[in-house]
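Data first, discussion second: the structure below is written as structure tokens.
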Amino acid sequence: MTTTVHISVTGNKQVKVTTQSGVTRMQPGAYHAFSVHGDGVVSVQELGDFVSSPSLPLVRPYIPESPEEGATPN
């Protein structure tokens, strides 16, 4: 059986959402529904500094964007 988990982000920080199907970055103001099956786990973690204006798209695949997140400098 599949369960749908709804997550909405309020406040002033980005979050990283990890599910059995992947990792997603969500900006403040974002809303998304994630499907969880069986023993799947959903975890949420705050990312980085405060966000004064969210970047688009509000929900996107997670890629490290800062050295604190593990991004490699160019």
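We did not get these values from a lab; they are worked out from the coordinates using the rules stated. Worth saying up front: this structure is predicted, and the values here are computed from it rather than measured. Note that each Cβ is placed from the backbone with ideal geometry, even for glycine, and that neighbours are counted across all protein chains shown.
Assorted remarks:
- Order of Arg25, Arg60 - criterion: other Cβ atoms within 10 Å of each residue's Cβ, fewest first: Arg60, Arg25
- Net charge dipole, the chain: roughly 200 debye, given to the nearest 20, about the Cα centre with Cβ charges of +1 for Lys and Arg and -1 for Asp and Glu.
- Seen from Lys16, the other residues with C-beta closer than 9 Å to its C-beta sum to a net charge of -1, counting Lys and Arg as +1 and Asp and Glu as -1.
- DSSP-assigned coil residues among GluC sites (Glu not before Pro) in the chain, each with at most 14 further Cβ atoms within 10 Å: Glu65
- GNM on the chain, alpha-carbon springs under 10 angstrom: the most fluctuating residue among Pro64, Pro54, Pro28 is Pro64.
- When the convex hull of its Cα atoms is projected in every direction, mean area for the chain (nm²): 5.3
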